[in-house]
Amino acid sequence: MSTAYGFKELEADIRSVLSRTGDFRTIVDEVRPFLQTLLQSDELLPERYQQPLPHKYAQYLLYKPEDEAFSVIAFVWGPGQVAPVHDHLVWGLVGIYKGAVEEKRYRRVDHGEAAPRRYTLEEVGTVHATKGDISFVYPPDYDIHGVSNPHSEVAVTIHVYGADIGKQERHIHDPATGALRDVVTKHDNDVPIYADV
């Protein structure tokens, strides 16, 4: 990627933030402008990766440092493709690179371990995000959402997470029943697209 602001610059900026704070809200606030700058690159995601997979959204690892202190992922959403309601258990930012998506946010309401239904999910809002918009996630209060592409055009989102999300154990939630199941969503590429930058 031949841009003035690339992944080495992004890594230096993120490490600077992480060296000063472990507070998730502060991290997402301070990393947001770096993602905003990254989204300006017309060459961020090579064209061959911008085609959706037929059976599910695509998840491509763009970049991660050796210690996996963070990762940058591209998700490619075909028309009608949906990610189930899920959490992340790490801080993260989601920027719209191309097209538009819909995000439904949820709050977990705990009822105690002895309750037959230990918790319920309360829908707290829906956001329609378009190119350049950035949202965030972090536990425990801002971590559960569902994402979809209800439009007829392909959408591409660029995510920055505080771990390699392709290895991160997390959960898929069923808002109707309160059930959850463990999941790891592996990347659709084995080697980061920008492994040697």
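The values are calculated or read from the model by the stated rules, or taken from the named source; none is laboratory data. Because the structure is predicted, anything quoted here is derived from the model rather than measured. Note that we place each Cβ from the backbone using ideal geometry, even for glycine, and neighbour counts take in every protein chain shown.
The set of residues in segment 151-166 that are touching a strand residue (DSSP E or B) at 6+ places or on another chain (Cβ under 9 Å) and part of a loop (DSSP other than H, G, I, E, B) comprises His151, Glu153, Val154, Gly162, Ala163, Asp164, Ile165, Gly166. Is one or more of the residues making up segment 20-31 more than 22 Å from Arg105 (Cβ to Cβ), surrounded by 13 or more Cβ atoms within 10 Å (Cβ to Cβ) and not hydroxyl-bearing (Ser, Thr, Tyr)? For segment 20-31, residues more than 22 Å from Arg105 (Cβ to Cβ), surrounded by 13 or more Cβ atoms within 10 Å (Cβ to Cβ) and not hydroxyl-bearing (Ser, Thr, Tyr): absent. Within segment 38-55, the set of residues being closer than 13 Å to Ile158 by Cα and surrounded by 15 or more Cβ atoms within 10 Å (Cβ to Cβ) comprises Leu38, Leu39, Ser41, Leu44, Leu45, Tyr49, Gln50.
Do the conditions hold for Pro116, that is, is it at pLDDT below 95, farther than 23 Å from Tyr142 by Cβ and under 18 Å from the mean Cα position of the chain (by Cα)?
Criteria not met by Pro116.
Residues checked against (1) closer than 21 Å to Pro140 by Cβ; (2) touching a residue at least 60 places away in the same chain (Cβ under 8 Å):
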| site | (1), (2) |
| --- | --- |
| Gly22 | yes, no |
| Arg48 | no, no |
| Glu68 | no, yes |
| Val94 | yes, yes |
| Glu102 | no, no |
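For Gly132, the criteria (1) crowded, with 22+ Cβ neighbours inside 10 Å; (2) in a loop (DSSP other than H, G, I, E, B) hold in every case but one, which is (1). Taking segment 56-119 as the region of interest, the strands (runs of 3 or more DSSP E) fully inside it that hold 2 or more residues being under 16 Å from Val160 (Cα atoms) are 58-63, 71-77, 92-98.
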